[in-house]
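The values are calculated or read from the model by the stated rules, or taken from the named source; none is laboratory data. On a predicted model such as this, the values are computed, not experimentally measured, just so you know. Cβ sites come from the backbone with ideal geometry, for glycine too, and all protein chains shown count toward neighbours. Keep in mind that these areas ignore ligands, DNA and RNA; they rest on the heavy atoms of the full protein, side chains included. Shrake-Rupley method; radii C 1.70, N 1.55, O 1.52, S 1.80 Å.
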4 protein chains.
Amino acid sequence: MAGSTLGTIFRISTWGESHGKALGVVIDGCPAGLALEEAHIQAFLDRRKPGSSLITTTRREEDQVEILSGIFEGYTTGTPLSLMIRNTSQRSGDYGNIAECYRPGHADLTYDQKYGFRDYRGGGRSSGRETAGRVAAGAVASRILKQLGVDVYAYTRSIGPVEIDDSRFDRSAILSTPTAMPDREASLTALEYLETVKKESDSSGGSMECVIEGLPSGIGDPVFEKLDANLAKAVMSIGAVKAVEIGDGCQVSSRRGSENNDALRMCDGNIVKQTNHAGGILGGISDGSRILLRAHVKPTPSIYRTQQTVTRSGENTDLCIQGRHDPIIVPRAVVVMECMVALTILDAMMINMSAQLDRMEKFYK
Amino acid sequence: MAGSTLGTIFRISTWGESHGKALGVVIDGCPAGLALEEAHIQAFLDRRKPGSSLITTTRREEDQVEILSGIFEGYTTGTPLSLMIRNTSQRSGDYGNIAECYRPGHADLTYDQKYGFRDYRGGGRSSGRETAGRVAAGAVASRILKQLGVDVYAYTRSIGPVEIDDSRFDRSAILSTPTAMPDREASLTALEYLETVKKESDSSGGSMECVIEGLPSGIGDPVFEKLDANLAKAVMSIGAVKAVEIGDGCQVSSRRGSENNDALRMCDGNIVKQTNHAGGILGGISDGSRILLRAHVKPTPSIYRTQQTVTRSGENTDLCIQGRHDPIIVPRAVVVMECMVALTILDAMMINMSAQLDRMEKFYK
Amino acid sequence: MAGSTLGTIFRISTWGESHGKALGVVIDGCPAGLALEEAHIQAFLDRRKPGSSLITTTRREEDQVEILSGIFEGYTTGTPLSLMIRNTSQRSGDYGNIAECYRPGHADLTYDQKYGFRDYRGGGRSSGRETAGRVAAGAVASRILKQLGVDVYAYTRSIGPVEIDDSRFDRSAILSTPTAMPDREASLTALEYLETVKKESDSSGGSMECVIEGLPSGIGDPVFEKLDANLAKAVMSIGAVKAVEIGDGCQVSSRRGSENNDALRMCDGNIVKQTNHAGGILGGISDGSRILLRAHVKPTPSIYRTQQTVTRSGENTDLCIQGRHDPIIVPRAVVVMECMVALTILDAMMINMSAQLDRMEKFYK
Amino acid sequence: MAGSTLGTIFRISTWGESHGKALGVVIDGCPAGLALEEAHIQAFLDRRKPGSSLITTTRREEDQVEILSGIFEGYTTGTPLSLMIRNTSQRSGDYGNIAECYRPGHADLTYDQKYGFRDYRGGGRSSGRETAGRVAAGAVASRILKQLGVDVYAYTRSIGPVEIDDSRFDRSAILSTPTAMPDREASLTALEYLETVKKESDSSGGSMECVIEGLPSGIGDPVFEKLDANLAKAVMSIGAVKAVEIGDGCQVSSRRGSENNDALRMCDGNIVKQTNHAGGILGGISDGSRILLRAHVKPTPSIYRTQQTVTRSGENTDLCIQGRHDPIIVPRAVVVMECMVALTILDAMMINMSAQLDRMEKFYK
């Protein structure tokens, strides 16, 4: 089904395979009047590009975005934005043995099971390259959110056993460390760890967090369209994510109510929560405070060790994956998480505009 | 917006407040030909009823379901099923002080922020009673899944610090222990813990798991409609859930690839995974093996201690909640998780039927 | 599939069969803050009740609506409104022969073809009684539209060969003539015609129109969600409607451009169309002028003549329908058309609120 | 909102402006296993290209389609198909005066009203060129339908006063006459008429029909998702269509039941309708017989006469449109109608697969 489509009012459809002609996204429902040029989107795409030779692949992925429609005289027109990125570096020799056998931890098997066959070139649609379309769309959503006063940013929380220390949190480090960690010390330790992992022909898992600041209260809908439910879906839809937490997340299950409730106090005429265990969302609706999300990412399944697997024709075999693969996905996935969150938040803000009749009356009068 | 609606083909709309006239659900898109009577639904609703006086409220919630439409001569007709549960035990004196101030950890504040005012009787729509409609619908979905050979069951994994021991796993205990734990020993320990918590006017968090067995491979769609993404949304939409894990969940972030990949081997002509760290889903698509989900639930926010909060008119106040409240939500939420998973799985199975052209040809020939 | 669900943000799900326990609708996404009581909805339902013994059935359909949820202290809360109408007059003896054979012009055959069997009592879900849920929901939509300054009204344009004369248009007659014609003279002629038709054991077709006044410009979306496209769907979804026209409708196909274009002129600072052949919509978007829709309704298929048909077991048979049936549907369908238009317009207005970024900024600042 | 997106399971998103860089469509939800190459799509696109210099514009619109994703080794993979058509012949000088004033009968005014400004180059997104994306997607849907045994074809019924004679119906003429009429005599008369119209600097309306043959019974859903309702929406969404009829359409409103009911008889073990006034759909569900649809298309609003209009700044002005415009839209719109019908039918067939539980069981066993 239409699994590559996301959103109700701000709706995106991504397309493209790892080794096809191009990848891209159509954004349908973008508000008119946003000043937009390719450079704004390129800045986001550059964050998911392979960077440091140590922790990301050395493949050359240029990912130059082209805006094909939806802009006139520098502004969005309200009609669909079509964004395209040509694939330039696909090499046909890379995936020979993958055609015949299933890589453990990859979606090779399940694509065959679902569709009867699959595009095995570099993982096809199940490749991480699929996220280029998400990031291109997320760049537009982020830009709109910025104009609405909402700030969304993600970063690496941990790499294997190495975690950031919140007391050293430095937002500027996110974009300048190869790990996307907001803690330069932890980043150095993590890089050392990754070097070891790589030497051992292995890979590492990690975790990432995303913060939303400045979101008005009242965003999100009760019951099934809770803001946290939609954020969980958005983040879990990123390949390799196996767990999503909101606020204090998993910790709440061993807590008591007296520890976990966030007391309320007035402060300069505003309601202020004394703590934020809930992570900014109550009953699925934003309360105006900081929202925090965490995602746990599995280690890159492509490792350079011999692994047991089976062939398409049903025979046991040993597989040794070739090619260039990141020992960790997280530093490049951070911008994907940020984009998925931005897309979800923006759609929820658009939907929320008709929640109160008197605000509709004011809008249309 | 339409936040109380779930599903694409098997679509449900729940309605009703804690202390209104009734609650219910409309199921639109149920296949024709299912033998169904009220008793099938009632059995599920009874599982979320208050039970043991120790850990659940002593409120009398009869929750008798009535099927108002969609059945003819004992079978579903393909047209909407309307299921209604009359509220019988609402007592108007229970919620006096809640009208004027916001209970910490509840959605009182955010409903006011979103809608300009709220139905404060027992939490209104944000009450746990809202889940009665989900469970009624989930009972129907589960019954269909059973006929398709799919088995879904949930249980309590932990209550506060007390966790089940998998070596003692006993499925029959789920329905017979007041904790919904599949481990009778752990259940007794947990009940002791809850007694302490209750004496201290406090409440406890906990965790629950859901297992899907017999699901065909190929269910779920790439990119945004991944099966795990939709399951995460479904489970996170249950009030008080703050984290969702698939398979090994949070643990993967500190692992290496060599530990986390599931090797494949042929076994009696079938592909068999040697381990199941992935939890039965690869690339968002079921691989035919067992699916495992975990949810972390916060402690009941209603505790009998004095808490700091503010009034609607913006003044600091101290609140001491009255009434009857469960010291833990999990044992009653287990059936809600099971139902949300069943609803999600069934819809995905319906959508999947057109994934391959030759299967469509065979269907229509 | 979920065919009984309509709308994106203001979403309704209707349910119920002709001779089941009850019929109803859930409205999910209604804005908070609308003053609403049962009498407001009842007034609409009364318009689709059988009235004059001459042209509508003498069945007693009380159609008393009950609001089960979504209202608090007289106002909508933003959560789902559940509206229910108990069936009171179903008589089991009415439909004996219908169980075994297919009534020509009815959906008996196609329901069997689609679902494998059907609820044959009074047509089940394909009965005109299904529209009670639409009207209950439409009453709420209309009430909101009124507060937004939008006026929607429908009426009978023709009954068989008898058409209204626009020069005698009298809106007050719509609710006071048994034909729902806004022309008392034509109404009398039509009643005479219907008397003849009835004597001849026959039935009559007719047409109806709906007018929207006060709709702001800019409502509706380009390409597939054009306002006229959604209106056409909404109106064509009413049983027995076989054609839908917008503005001058069918006439345009034999016209020239010079006759059909609507010239624009400034008038007191406003843009005014000199004619309105387009019917108030250009490129699928409202232009701020009057919108006109027309629907053609087939004659009631239930007639008292012997008709050729076949049985479920595949034998030719002659059928003579018993029971009480209107010789014409149109006078009772007028309020259904009005409601379907109101539901469509309101949803489009809600969706339109995020079309311009600067209006979003103003809303959220 | 997401107005450029159509369909639930077979979902398309079109994009692109008349004079932008490119136009295209993303098809999300296409079944895997369809043999597809660019030539299959090109054949459909060629049918909407300007052809005869007499009745269509002399603009050179090459409309070469490129498949960017979703195909592997000649077959669809189940993942999104991205189809792109580069704009090659846009000339910037064509639309000077349109920037400042509103062309009567065009969407210039309403786009400005909705979005605050518009892309005025050649009509931007409201241009007929927008339909290239629809046709590219429709070509894919048609190809799938053919494999499922469903045949969809459209043709011109009338041009101004000139109508085809059904007794001369010749399907082969549809693709070989410049009018797309299935009646060569009528086509010649129509061409003469168009010559006159053109000489008088005017344009002409017309009508078109679409036939569906071989559609299984049971397709379409009750109430709001009736097959005829969705077909009406699909066809009304084509620019310039002002009326849609199903079966005998408008004629039914002046008929009696005894004339309009279609009697049923057994014939070689099959149920056969003696007539087909209903046009193959009863209660919104296909009955297995031939489906007939008719659309009325307004005259091209661009005419070479001086017309009254207003400027963006609110002044009266006289406008004389320059450039090259078809005197009639219908012959090129015929393939658009055919494609919109194909897209609608295919999506309904996919949705229908889960209507009966025992057919689901058979599918999944």
What is the interface area between chains A and D, defined as buried accessible area summed over both chains with a 1.4 Å probe, reported in Å² to the nearest 100? 3500
Taking a cut-off of 22 Å between Cα atoms, list the lysines near C:LYS199, but don't count ones fewer than 8 places away on the same chain. C:LYS298
Could you check the spin-label model distance between B:CYS320 and D:GLU315? Points 7 Å from the Cα along Cα→Cβ, value in nm. 7.8
Return the distance in nm (one decimal) between the two label points of a simple spin-label model at D:GLU37 and C:ARG290, each offset 7 Å from Cα along Cα→Cβ. 5.8
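Taking only protein heavy atoms and a 1.4 Å probe, what accessible area per residue, in Å², does region D:137-279 have with all protein chains in place?
32
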Alpha-carbon centroid distance for the pair region B:321-337 / region B:1-25, whole angstrom: 20
Restricting to lysines and to Cα separations under 18 Å from A:LYS114, and discarding same-chain partners fewer than 8 apart, the set is B:LYS226, B:LYS273, B:LYS362, D:LYS362, D:LYS365
Under 12 Å from the Cβ of B:SER207, count the other residues' Cβ atoms, weight Lys and Arg +1, Asp and Glu -1, and hand me the total. +2
Using only alpha carbon pairs under 8 Å that are at least six residues apart, calculate the relative contact order of region D:252-365 and give it in whole percent. 12
Below 12 angstrom from the Cβ of A:THR311, what's the summed charge of the other residues (Lys, Arg +1; Asp, Glu -1)? -2
What 222 nm value per residue comes from the helices of chain D, counting each DSSP H run with n ≥ 4 as -39,500 (n - 2.57) and dividing by all residues, nearest 500 deg cm²/dmol? -8500 deg cm²/dmol
Binning at 10 angstrom from zero up to the longest distance, how are the C-alpha pair distances of region D:102-153 distributed in percent? 23, 32, 20, 19, 6
Of all trypsin sites (Lys or Arg not before Pro) in region A:122-193, which ones are in loop regions per DSSP and have a Cβ with at most 13 other Cβ atoms within 10 Å? none
How large, in percent, is the carbon and sulfur part of the accessible surface of region A:227-269 at a probe radius of 1.4 Å? 39
Using a label position 7 Å from Cα in the Cα→Cβ direction, what is the ascending list of nm distances from D:GLN274 to the same site in the other copies? 5.4, 7.4, 8.4
Checking region C:280-365 for GluC sites (Glu not before Pro) in a loop per DSSP with at most 11 other beta-carbon atoms within 10 Å yields C:GLU315
Charge context of A:PHE363, other residues only, Cβ under 12 angstrom, K/R +1, D/E -1: +3
What FRET efficiency comes out for B:GLU195 versus B:VAL272 if R0 is 35 angstrom and r is the Cβ-Cβ distance? Round to the nearest 0.05. 0.20
Three-way shape call for region A:207-365 based on the alpha-carbon gyration tensor, with the a/c threshold at 1.5: prolate
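Quick one, could you list the DSSP H helices from chain D stretching 20 Å or more along their long axis (Cα atoms) with average Kyte-Doolittle hydropathy of -0.5 or above?
For chain D, where a helix must reach 20 Å along its axis and average at least -0.5, the hits are D:131-147, D:184-199, D:330-352.
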Please give the average number of partner chain Cβ atoms lying within 10 Å of the Cβ of each residue in D:298-309, rounded to a whole number. 5
What is the distance in Å between the Cα centroid of region A:207-278 and that of region D:250-317? 52
Could you tell me how many cubic angstrom of Cα convex hull volume the protein assembly as shown has per residue? 163
Express in whole angstrom the spacing between the alpha-carbon centres of region C:96-121 and region D:127-147. 35
For region A:87-235, just say rounded, prolate or oblate: build the C-alpha gyration tensor, square-root its eigenvalues into a ≥ b ≥ c, call rounded for a/c under 1.5, and beyond that prolate if a/b exceeds b/c, oblate if not. oblate
Can you tell me, using C-alpha contacts under 8 Å and at least 6 residues apart, the relative contact order of chain D as a whole percent? 21
Where chymotrypsin sites (Phe, Trp or Tyr not before Pro) fall in DSSP loop in region B:147-206, at most 13 other Cβ within 10 Å: B:PHE169
